[in-house]
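The values are calculated or read from the model by the stated rules, or taken from the named source; none is laboratory data. These numbers come from a predicted model, not from an experiment. Here the Cβ is made from the backbone with ideal geometry for all residues, glycine too, and neighbour counts use every protein chain on show. In case anyone asks, the SASA skips ligands and DNA or RNA and just uses the protein heavy atoms, side chains included. Shrake-Rupley method; radii C 1.70, N 1.55, O 1.52, S 1.80 Å.
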Amino acid sequence: MTEPHAGGPRARDTAEELQLALGMLVRRLRAAAGDGVSLSQMSVLKRLERLGPSTASELARAEQIRPQSVIATVNSLQAEGHVARSPHPTDGRQQLIALTDEGRALVRRRREEGHGRIAELITERLGPAEQRLLAEAVPLLRRLAEN
């Protein structure tokens with residue numbers, strides 16, 4: 001038996017169901033967080049945690065979005081005290097954006113809460129065989145998400 005090609009009905013059905021399921025899971029986690037931080041804001045905060053202080057153009061490249069979008073996100077994060085800007089040490093035209101202690105604490109809290117909530121859902125709703133199957137699927141989902 002041959003597998004359907006990438007555009008086949010089975011792949012499209014799987015894609016639709018996966019998108020719906022992931023969307024529902026993300027909405028559930030966001031609602032549980034209740035801190036008013038959007039996905040795009042959280043993504044920038046997590047990126048700054050990984051990269052360290054960065055310029056808006058570096059963040060835009062890493063996030064694969066327009067610099068104007070990053071600037072709007074950074075402006076809102078700065079207004080909330082989650083990031084701070086400082087002069088770039090070698091390029092006077094640019095500024096470095098870095099996490100504040102408050103931003104770092106938010107990332108840490110969100111990560112712990114998110115991981116904890118997902119772990120609860122996994123243990124509450126999935127049996128041992130399903131948990132193993134899900135663990136085996138994670139690398140495949142990661143491959144889909146990577147560039």
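Expressed as a whole percent, the accessible area of segment 81-147 that falls on carbon and sulfur atoms is 55 (1.4 Å probe). Principal-axis analysis of the Cα atoms of the chain puts helix 128-145 at an angle of about 50° to the longest axis.
Between the amide H of Leu96 and those of Ser86, His88, distances stay under 5 Å, these residues lying 5 or more places away or on another chain, with hydrogens modeled in the peptide plane.
Relative to the longest principal axis of the Cα atoms of the chain, helix 9-33 runs at roughly 50 degrees. All alpha carbon pair distances within the chain were sorted into 10 Å bins beginning at 0; the resulting P(r) in whole percents reads 9, 30, 30, 20, 9, 2, 0. For segment 76-147, the per residue solvent-accessible surface stands at 74 Å², with DNA, RNA and ligands left out and a 1.4 Å probe. With the helix formula -39500 (n - 2.57) applied to DSSP H stretches of n ≥ 4, the chain reaches a computed 222 nm mean residue ellipticity of -23500 deg cm²/dmol. With the simple model of a label 7 Å out from the Cα in the direction of the Cβ, Asp101 to Leu140 spans 4.6 nm. Residue-wise HN-Hα couplings along segment 66-81, as the Karplus relation 6.51 cos²θ - 1.76 cosθ + 1.60 with θ = phi - 60° gives them from phi, are 5, x, 4, 5, 4, 4, 4, 5, 5, 4, 5, 5, 5, 4, 8, x Hz; Gly and Pro carry x.
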